[in-house]
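One structure is given below, encoded as structure tokens.
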Amino acid sequence: MNEIERYEFDRVGYLSVPDILTDEQVRSLAAAIDALEEEAVARAAAAPRRKSPTGLLEYHHNAEKGYYVTGTREHGNTIIIEDFFNADPAFDVLVNHAPTMSYIHAIVQERATINNSEIRIRYPGNQTGTHMGGPIGGKHRYGYNHKGINSMMVRMVYFVHDVGPEDGPFCVVPATHKSNMVSPYEGRNPDKEPGMIGLPVKAGDAILFTENLRHGGFTNRSGKTRKTVHVGYGPFWMKSQNIATMDEDQYLLPDTYARYSPEQRQLFRAWPNTLEREFGDNQKG
């Protein structure tokens with residue numbers, strides 16, 4: 001993260017990062033997403049099911065491939081696939097991805113770990129309701145001290161295809177991560193909220209933002225399906241921020257953990273004792 005990027009991230013709460021993925025990485029990730037979508041859609045309504053700790057959503061859990069999925073493939077809806085790292089080694093490229101980590105290390109002061117991993121597949125007519133922004137504090141808080149930017153939860157969203165103004169782009173109300181007031185606008189429709197701007201992107205780009213920023217997704221008014229990969233980061237003591245496993249230990253299958261390098265393993269904080277005994281890692285912060 002250079003000086004201008006650091007300034008802009010602090011000023012508005014997000015950065016558009018062009019070409020963070022290579023063409024080969026985009027093709028590989030896109031193919032893996034397409035394949036996982038077909039399997040997950042077929043299983044989304046099946047047993048076994050699990051209600052998230054927050055009580056907001058109910059998920060199908062594929063224990064063999066280690067992912068959680070919720071939603072439906074139909075107009076106006078979305079499919080959310082969490083813990084996708086378990087499902088396909090093609091996603092491993094995003095674990096300790098050097099260009100990404102150069103940004104994360106600049107804005108998360110404590111040892112950073114991955115706490116969120118989700119694929120969002122938004123079908124035509126879908127929108128993501130506006131949320132966050134203002135003095136929400138806690139694990140979402142954004143700060144600045146003598147060492148510089150001090151973010152808690154941050155997220156990198158990777159794009160495997162172009163997203164134009166009509167394709168349901170990610171949207172933000174800039175600088176609301178520093179607001180001292182909760183948004184006074186009723187409802188969660190991003191299309192109607194004053195100050196909300198869309199962020200069109202190209203395949204291979206990413207958007208980095210603090211979760212304290214007010215954000216959402218404009219309505220997808222095109223005939224295209226919008227697919228994104230989200231990886232969230234925060235201090236090592238923060239547990240899973242996936243909705244299906246909120247505030248539980250990060251969830252990786254033993255086979256997933258086994259194929260990671262020591263540096264990649266350090267990006268996941270909490271492990272069942274069986275994994276620690278098997279691999280002999282010290283996961284303390």
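The values are calculated or read from the model by the stated rules, or taken from the named source; none is laboratory data. All figures in this text were calculated on a predicted structure; none of them were measured in a lab. In this analysis, Cβ positions are derived from the backbone assuming ideal geometry, glycine residues included, and neighbour counts consider all displayed protein chains. For accessibility, only protein heavy atoms count, side chains too; no ligands or nucleic acids. Shrake-Rupley method; radii C 1.70, N 1.55, O 1.52, S 1.80 Å.
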- Task: List the relative contact order of the chain as a percent without decimals, with contacts defined as Cα pairs under 8 Å and 6+ residues apart.
- Result: 25
- Task: Of all alpha-carbon pairs in the chain, indicate the percentage at a distance above 30 angstrom.
- Result: 26
- Got a number for carbon plus sulfur as a percent of the chain's accessible area, 1.4 Å probe? 52
- Centre separation in Å (Cα based) which lies between the stretch 234-249 and the stretch 114-160: 13
- Query: Please identify the chymotrypsin sites (Phe, Trp or Tyr not before Pro) of the stretch 143-185 that satisfy two criteria: DSSP loop assignment and at most 16 other Cβ atoms within 10 Å. Which are they?
  - Reply: Y185
- Where only protein heavy atoms count, and the probe is 1.4 Å, what is the accessible area per residue for the stretch 42-135 in Å²? 38
- Item | Taking only Cα atoms of the stretch 47-152, radius of gyration then Dmax in Å | 16.9, 51
- How big is the convex hull of the Cα atoms of the stretch 72-231, per residue, in Å³? 120
- Query: Hey, got the dipole for the stretch 140-225? About the Cα centre, +1 on K and R Cβ, -1 on D and E Cβ, debye to the nearest 20?
  - Reply: 300
- Query: When only DSSP loop residues count, what trypsin sites (Lys or Arg not before Pro) in the stretch 139-244 have their Cβ near at most 11 other Cβ atoms within 10 Å?
  - Reply: K147
- For the stretch 120-195, what log10 I(q)/I(0) values come out of the Debye formula at q = 0.17, 0.19, 0.24 1/Å, with one point per alpha carbon and no solvent? -0.84, -0.99, -1.25
- Can you give the relative contact order of the stretch 1-149 as a percent, counting alpha carbon pairs under 8 Å and 6+ residues apart? 20
- What is the local net charge at E58, summed over the other residues whose Cβ is closer than 11 Å to its Cβ (Lys, Arg +1; Asp, Glu -1)? +3
- Debye intensity ratio I(q)/I(0), log10, the stretch 172-263, q values 0.21, 0.22 Å⁻¹ (C-alpha model): -1.27, -1.30
- For D88, solvent-accessible area (1.4 Å; no DNA, RNA or ligand), Å²: 50
- Item | Cut-off of 10 Å, at most 11 other beta carbons, DSSP loop: longest stretch of the chain lacking such GluC sites (Glu not before Pro) | 65-185
